[in-house]
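Participant: The structure that follows is given in the form of structure tokens.
Derivation of every value follows stated rules applied to the coordinates shown; laboratory data play no part. Keep in mind it's a predicted model, so treat the numbers as computed, not measured. Cβ coordinates were reconstructed from backbone atoms using ideal geometry, including for glycine residues, and neighbour counts include every protein chain displayed.
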Amino acid sequence: MIEEIGTIVELKRGRRLELAVRARQVLEDLKPGDSIAVSGPCLTVERVEGEVFVASLLPETAERTTLGAARRGGRVNLERPLRVGGRLGGHLVAGHVDGMAEVVSVEDRGETRRVGLRCPAGLEKYLVDRGSVALDGVSLTVVSPSGRRFSVALVATTLEATTVSDLRAGDRVNMEADLLAKHVERLLSAREGAAGSEKLRDWLAEAELA
């Protein structure tokens, strides 16, 4: 569950991309070496300086996520790891981004908003109606998937508490497919070969309808 929205106050580009993020709530017990999810990808805190924490991205992370194009003043969703025994407010999110989805439409519907997206090729097999997906670290429910296209419905609370309210057509968002689905696929693929993907979709559909 996203704890707060932070602001990027400084970037340093070199062999690694260094981000300095101003925050408040997540700094209460944050220390060097801790993990923190920044709009999806899990980063390691290098230092904490007053109201700012600093973390660096390896080239692979910068290329694979929207943080590679981050700008000073940009808003990011922040979340610390779930404590053992803590309350799970959504589906399991590991902070391992699978790729970047593209926003293709944004439609306001009263107090809610419907966002249409196109996922990267290969991730559509994880999209099941009423299944789970994480976008920029926000746990959301998949609506009306068709091929690589799907939608998410955003309620007022989500719009107020996360950066998904900033999304516009043409934007890219960090996408993390359902963690359990990926593990099930791995097991089925090792045992069933190509037929494993079909069984994965059947399993996901049954799990969500149960």
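Participant: Quick one: L140, L19, fewest Cβ neighbours within 10 Å first, how do they rank?
Facilitator: L140, L19
Participant: Here's something else I'd like to know. Do you know the relative contact order of segment 4-79, to the nearest whole percent, from alpha carbon pairs under 8 angstrom that are 6+ apart? Please report the intermediate quantities before stating the final value.
Facilitator: Details: 151 pairs, mean separation 30.1, N = 76.
This gives 40 percent for segment 4-79.
Participant: What is the sum of charges, Lys and Arg at +1 and Asp and Glu at -1, for the other residues whose Cβ falls under 9 Å from the Cβ of E107?
Facilitator: Taking every other residue near E107 into account, the sum is +2.
Participant: Another question about this same structure. Arrange R168, R24 by Cβ neighbour counts within 10 Å, fewest through most, would you? Write out the running numbers ahead of the final one.
Facilitator: Numbers: R168 9, R24 12.
By the 10 Å Cβ count, ascending: R168, R24.
Participant: Mind listing the long-range amide H neighbours of L43? Cut-off is under 5 Å, sequence gap 5 or more, other chains count too, H placed in the peptide plane at 1.01 Å from N.
Facilitator: Here I36, A37, V38 satisfy the definition.
Participant: For segment 27-131, what's the relative contact order in percent, using C-alpha pairs closer than 8 Å and at least 6 residues apart?
Facilitator: 21
Participant: In whole Hz and in residue order, list the ³J(HN,Hα) couplings for segment 23-31 that follow from phi through the Karplus curve 6.51 cos²θ - 1.76 cosθ + 1.60, θ = phi - 60°; x for Gly and Pro.
Facilitator: 8, 9, 4, 5, 7, 3, 9, 7, 9
Participant: Amide H to amide H under 5 Å from D171: which residues, 5+ apart in sequence or cross-chain, H placed 1.01 Å off N in plane?
Facilitator: When sequence neighbours closer than 5 places are left aside, the close amide H contacts are V103.
Participant: Can you grab the distance from the C-alpha centre of segment 26-52 to the C-alpha centre of segment 106-151, Å, no decimals?
Facilitator: 28
Participant: What residues have an amide H closer than 5 Å to that of R130, excluding those fewer than 5 places away on the same chain, when H is modeled at 1.01 Å from N in the peptide plane?
Facilitator: Amide H neighbours of R130: V142, V143, S144.
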